[in-house]
Structures are given as C-alpha cells and as structure tokens.
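Q: For reference, the structure I am asking about is given below.
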Amino acid sequence: MGGVTELLTRDTTRGRVTLTAVTLGSGIAILDGSVVNVALRTIGTELDASLEQLQWVINGYMLALASLVLVGGALGDRLGRRRVYLFGMGWFLVASALCAIAQTPGQLIAMRVLQGVGAALLTPGGLAIIQSAFRREDRAAAIGTWAGLSGIAAAIGPFVGGWLVDNGGWRWIFGINVPLCLVVIALTLWATPESRDTEATGRGFDVLGAGLTVLALGGLTYALTASASMSRPLLVAVLVVAVAAAFGFVVVESRARTPLVHLSLFGDRVFSAANAMTFVVYGALGVVFFILVLQLQVSAGWSALSAGLTGLPVTIALMFLSSRASQLSERIGPRIPMSVGPVVCALGALLLLSAGRGATWWTVLPGLVVFALGLALLVSPLTSTVLAAAPDRYAGVASGVNNAVARAGSLLAVAALPALVGLTGDDYRDPTAMTSGFRSAMVICAALLTIGGVVSWFGLAGRSHPRPSETSETVA
C-alpha cells in the first residue's frame, strides 16, 4: 500500500506538472472526440464511406469510451489512479497509430473502438487524481483549470483537425497523438503521486456490471445508428436486449458486494440532477459539434480549416472564463451558472440556423459567440458540483459516472438525430438535404439545452454551495 504522502499544492513544481499531465492527457482524449468531425467529409471521400459508417467513426470511439469509462474509474480506485492513467495513455498511443494507417472504413472504425478503450481508462483518472492528490483548498481551482482546458480541447479539435486535413491529410489527426501521449506519460511518471481507495483494494471486481453497461449502450447505439438498414424484428430484438441489459445493470449494482457504481451516490439530489443535466446538455453539444462542420463544408462550401475555425470562439471563452465561472460557482453556488449556461447555449444554437448556403463568418459568428459564453458558464461548475457531491474515496467512480453520462448522451444523440431529421446514406453530400436536416437538428438541440437548464434550476434548488467531501488517502 505504501505510506501516506503530503497532498500537492498548485503553486509547487510537482503540483503544476501533475495538473499539466492530467489536463493534457484528458484533453487529448477529449480532442479525439471532436477533432475527427471536421475530417469526416475527407475520410468519407477517400475511404468511400457511407454516412452510417462515418457515424460509426465517431460512435465507435464514443461507444467504447461511454461504456467502459465506469470500468476505468473503478479500476483506478482499486489498482491505483496513476497506474491506470498511465496504462490508458499507452493504450491510446498505440490505437492512435493504428487509426492513422487504416485502409478501409471497417478498419478505421475498429481502431477507433480500441482508441476509445484507452480513453475510457485514462479519462476518469485525470479528475480522480486532482480530487485525491491535491489539497482541499486547491481542488476547486485545479478542477476549474482542468475543465477549462479540457473544454478548450473539445472546442479546438475542429480547428486542429481542419489545419491538419488541409495541410497533411486526415491521417495526421491520429498521428499527432503519438508524441503528445509520450509527453503525458513522461510528466506523469515524474511528478504524479499514486492514490487509491484503500477500502476497495483487494476486493473482487464487478465484471457482470461492466459487461451489462457495454451491452446496454452498445445495443442501443447500434439500433439507433443502423435502424434504417435493419429489419423491424431485428431492431426490436436489439432494443429489447439493450433495455434488459440496462435494467439488469441496476439490479446487479444494487446487490453486488463490490459494485461498479455505488447507487447510493444517486441518493444525493445534487449528484443526480447534475448528471441528468449532463446527459441532455452533452447530447446536444455532441450533435452541434458533429453537424455544424459538415453543414459549413457541404452547404456553404467552406474548407476544412475554415469550418474548423468555428471552434475558436469556444476556445477563447473557455480559456478566459472557465476559472471565473468556477469562482462564481464557489461564491453563489452552482444553481445559477448551471441553469443559465445551457439556456444561453440554446440561444446560440438557434442563431446558428442561418448557417446555410452563402453563409459567411459574419453569418455564424453571433451564434458561435453566444454558444461559447453559455458553455464557459456551465462546464467548470458542473464538474466541481459532481465531484463535490461524492465522497473523496469514490472520486474515480464519480468522475467515471459523469464522464459516462456525458459520453452516452453525446453518443446516443449523434446516433439518433441524423436519421430523426432525415439524413441517411449519402445525404451529407447533398447541400439541400444537409441544410434541411441541419436546421431541424439545431432546433432539437436548442430544446435539449433548455431542458438541461430547467433540470439544473429545480434539481439544485436549496443547495447554495457544494458540500465538503470526505478526506482521501494518497499513497506512495
């Protein structure tokens, strides 16, 4: 087990390097959830892929991440958060290199799934390390930094992807991960202390619960994505299996001696409300980032780089406003930022309805700026609220739950919305069909974002500040 070490502070070298390592590592995984969007049209043309296959290039990664991130969080709590984080980074590095050399849509989808497995191992570890390795008085600011820079990674993804696609080809969006992962591994080995939930170490692992999460999310995503090409009996059968697996997961977790997810966490109203808000809001965010860059390239004739630059307002807003939003939440509580933020994002989505044929930067900039301000207002308070609502010994699980909810929301929305708004097959190459589907999708996203704000307003009522968490152990 090792001896207890002194908790890190943000103003020391080890504290700064550790925060850099977990932020950069988490950012790389989040970046790959968005960087691919801007390259989809080029990938589709070069590999002769259908819209359904392009959806799976996104969803294969998100499926593995969403269905296994709970496993990653639980393994970190048991085996050591630093150890699992490092293993995930190594896995992600290898999978990224394999993505870069894929020759067919099927190969790329398979490698994206492997990449998602690595992301699932490392993503919850970043937040769990912050929560367990830093002093209590430094955690909110550290989480604000992590949330802001992670949000920047998601927003800057289309810009980075666009530049790489235009200047080197789509394969570089995966190849660039290799040196970045090596930097994260080196920094983590040098500065980051090990920590774990000492009460969970040595206990059995909930293999059945992990399998049921994969089956539930995988079945539902497959049904939503491939519904147009599936027979009705097969579609019904897949949906029944997915729903049964989800129900079985709840039953198993309520009875397991060492559950993957401690359902008692959801007994906290704030934890439940924050995760409910996360599901609908991140579902909408996933669709906006997925479909906007396609719309601007297909219907407005923008280059990949120009479409990617639409993430710049979000990047700037998160860079300069995330820490302030976190401090505001600390002073007045998370209810107002987490309620107003999604509604502001909804307004931004509606303003983006003008992004059709002939759209210029001046056409889309107002919507992008409003959307960015709303996102900056909600990201940091949301992350801090979820972690503060759970005991420190469950830091990995709490982070895993929130990441799973966010990825599942994005995954299911990206899987369902294109078909729901009439986009199937090669429609993404037709400007008329693309514009019609895009506008319907933006209206639906605005509705989802508004619902997220309403959930926060009522779910966080009466809780002015996050409650203090229990003390955690950090082990050498």
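The values are calculated or read from the model by the stated rules, or taken from the named source; none is laboratory data. Worth saying up front: this structure is predicted, and the values here are computed from it rather than measured. Glycine also receives a Cβ, built like all others from the backbone with ideal geometry; neighbour counts cover every protein chain displayed.
Q: Looking at segment 14-100, what helices (runs of 4 or more DSSP H) fall wholly within it and have at least 3 residues that are under 23 Å from VAL207 (Cβ atoms) and either touching a helix residue (DSSP H, G or I) at 6+ places or on another chain (Cβ under 8 Å) or of a type in the set (A, V, I, L, M) (or both)? Don't jump to the end; show me each part of the working.
A: On the way: elements: 40-47, 51-79, 81-100.
Output list reads 51-79, 81-100.
Q: Quick check on my filter: what residues within segment 399-418 are out of contact with any helix residue (DSSP H, G or I) (no Cβ under 6 Å at 6 or more places or on another chain) and over 21 Å from CYS345 (Cα atoms)?
A: We begin by selecting, within segment 399-418, every residue out of contact with any helix residue (DSSP H, G or I) (no Cβ under 6 Å at 6 or more places or on another chain); these are 401, 412, 418.
The answer is VAL401, and nothing else.
Q: Continuing with the same structure: So, of the residues in segment 212-259 that are of a type in the set (Lys, Arg) and at pLDDT 80 or above, which turns out to be nearest to ASN59 (Cα to Cα)? Full working, then the answer.
A: Here is the first cut: in segment 212-259, the ones of a type in the set (Lys, Arg) are 232, 255, 257.
Subset that is at pLDDT 80 or above: 232, 255.
Working: ARG232: 22, ARG255: 31 Å.
For segment 212-259, the residue satisfying everything is ARG232.
Q: Additional query: Among the numbered criteria (1) surrounded by 23 or more Cβ atoms within 10 Å (Cβ to Cβ); (2) at pLDDT below 85; (3) of a type in the set (S, T, N, Q), which one does THR278 miss?
A: So the condition that THR278 fails would be (2).
Q: Let me confirm something: among LEU375, LEU382, LEU312, which residue is surrounded by fewer than 19 Cβ atoms within 10 Å (Cβ to Cβ) and within 20 Å of VAL287 (Cα to Cα)?
A: On the way: LEU375 fails: surrounded by fewer than 19 Cβ atoms within 10 Å (Cβ to Cβ); LEU382 fails: surrounded by fewer than 19 Cβ atoms within 10 Å (Cβ to Cβ).
The unique qualifying residue is LEU312.
Q: From ALA317, ALA325, grab the single residue that is in the same structural domain as THR23 (by TED's automatic domain parsing) and either within 19 Å of the chain's Cα centre (by Cα) or surrounded by fewer than 23 Cβ atoms within 10 Å (Cβ to Cβ) (or both). First the steps, then the outcome.
A: Details: ALA325 fails: either within 19 Å of the chain's Cα centre (by Cα) or surrounded by fewer than 23 Cβ atoms within 10 Å (Cβ to Cβ) (or both).
Answer to the check: ALA317.
Q: Moving on to the next point. Among the listed residues LEU368, LEU351, which satisfies the condition of being surrounded by fewer than 21 Cβ atoms within 10 Å (Cβ to Cβ), in a helix (DSSP H, G or I) and more than 17 Å from the chain's Cα centre (by Cα)? Steps first, please.
A: Values: LEU368 fails: surrounded by fewer than 21 Cβ atoms within 10 Å (Cβ to Cβ).
So the residue among LEU368, LEU351 that is surrounded by fewer than 21 Cβ atoms within 10 Å (Cβ to Cβ), in a helix (DSSP H, G or I) and more than 17 Å from the chain's Cα centre (by Cα) is LEU351.
Q: Answer yes if at least one residue in segment 392-399 is part of a helix (DSSP H, G or I), over 30 Å from VAL250 (Cβ atoms) and either touching a residue at least 12 places away in the same chain (Cβ under 8 Å) or in contact with a Ser or Thr (Cβ under 7 Å, 6 or more places away or on another chain) (or both), and no otherwise. Break it down stepwise before answering.
A: Our first condition is that a residue be part of a helix (DSSP H, G or I); within segment 392-399, this holds for 392-399.
Checking which are over 30 Å from VAL250 (Cβ atoms) leaves us with none.
Scanning segment 392-399, I find no residue that is part of a helix (DSSP H, G or I), over 30 Å from VAL250 (Cβ atoms) and either touching a residue at least 12 places away in the same chain (Cβ under 8 Å) or in contact with a Ser or Thr (Cβ under 7 Å, 6 or more places away or on another chain) (or both), so the answer is no.
Q: Taking segment 41-74 as the search range and keeping residues that are more than 21 Å from ALA95 (Cα to Cα) and touching a residue at least 24 places away in the same chain (Cβ under 8 Å), which one is surrounded by the fewest Cβ atoms within 10 Å (Cβ to Cβ)?
A: First, the residues of segment 41-74 that are more than 21 Å from ALA95 (Cα to Cα): 41, 45, 48, 50-52, 74.
With the extra rule that they be touching a residue at least 24 places away in the same chain (Cβ under 8 Å), the set shrinks to 41, 48, 50-52, 74.
Details: ARG41: 20, ASP48: 10, SER50: 15, LEU51: 21, GLU52: 19, ALA74: 27.
Step by step, filter segment 41-74, then rank; the result is ASP48.
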